[in-house]
Amino acid sequence: MNSLRTKTTLVMALLVPLVMPALAACGETSAPASPTATTGETAETAAAVAETPITRPTQGTSDGWTTFTSQTDGFSVDMPGEPQASTQSTDSPVGDVTFYFYQVTDGPAQYAAAYCDYPVETADLDADMILQDAIQGAAQGFEVANMQAVDVQGNPGIEGEINPPGTYVWFRGMLVENRLYQLIVSAPEAQKELYDSDARRFIESFTLLNP
């Protein structure tokens with residue numbers, strides 16, 4: 001178990017440099033969410049090889065938010081615009097891991113829903129350890145405020161807020177069998193109050209389609 005913990009912790013370390021630059025670059029190089037969207041080296045999304053479409057039509061609201069639904073990826077979430085889809089595959093101590101990202105930029109704020117599947121048996125995973133590693137990885141050494149365990153449709157989760165210099169980050173992660181979902185919102189620290197309700201809206205709207 002100690003060996004597996006070390007390996008899964010290293011997987012989380014790999015995710016951090018993928019998520020944060022992706023947030024910063026959101027909207028610049030990614031393509032609209034589609035079965036063939038890729039980033040970096042050509043990499044297929046899970047939807048690209050799925051028999052069913054990746055999404056239902058996004059449902060818009062009068063304030064510009066949409067409900068993005070992906071049957072293939074197993075979730076829906078409200079976002080302030082049409083998300084950009086990208087993937088990144090990397091080697092890890094537990095085998096090849098592919099990270100899937102759905103991202104939106106709204107002014108100076110960035111929103112991202114991301115997930116990866118651990119290539120190990122669910123019974124071998126320590127949910128508490130993985131979730132702690134996830135939020136601490138997102139924090140990158142900075143203190144996590146308001147950290148608490150959450151239940152997401154019967155699945156274990158964790159959430160908290162991180163305040164690197166000049167930036168404010170809202171985070172929630174949840175483990176569903178061997179799949180780790182992560183929700184991240186980043187905004188300028190000076191505009192924390194302005195984006196707090198939208199960050200909570202995004203995070204609280206996340207719904208598992210097959211919990």
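Residue count for the range 125-140, restricted to those that are among the charged types (D, E, K, R) and part of a helix (DSSP H, G or I): 2. For the range 141-160, the set of residues classified as assigned to a loop (DSSP other than H, G, I, E, B), touching a residue at least 24 places away in the same chain (Cβ under 8 Å) and either touching a strand residue (DSSP E or B) at 6+ places or on another chain (Cβ under 8 Å) or closer than 10 Å to Phe171 by Cα (or both) consists of Gln153 only. Could you list all residues from the range 122-155 that are among the polar types (S, T, N, Q) and either touching a helix residue (DSSP H, G or I) at 6+ places or on another chain (Cβ under 8 Å) or open to solvent by 70 Å² or more (accessible area, probe 1.4 Å) (or both)? Residues satisfying the conditions are Gln132, Gln136, Gln140, Asn146, Gln148, Gln153. The set of residues in the range 71-107 that are within 20 Å of Val176 (Cβ to Cβ), touching a helix residue (DSSP H, G or I) at 6+ places or on another chain (Cβ under 8 Å) and outside any strand (DSSP E or B) comprises Thr72, Asp73, Ser92, Val94.
The values are calculated or read from the model by the stated rules, or taken from the named source; none is laboratory data. Note that this is a predicted model, so its numbers are computed, not measured. As a convention, Cβ positions derive from the backbone with ideal geometry for all residues, glycine included, and neighbour counts pool all protein chains shown. When the accessible area is computed, the model is the full protein with side chains, heavy atoms only, and any ligands, DNA or RNA have been set aside. Shrake-Rupley method; radii C 1.70, N 1.55, O 1.52, S 1.80 Å.
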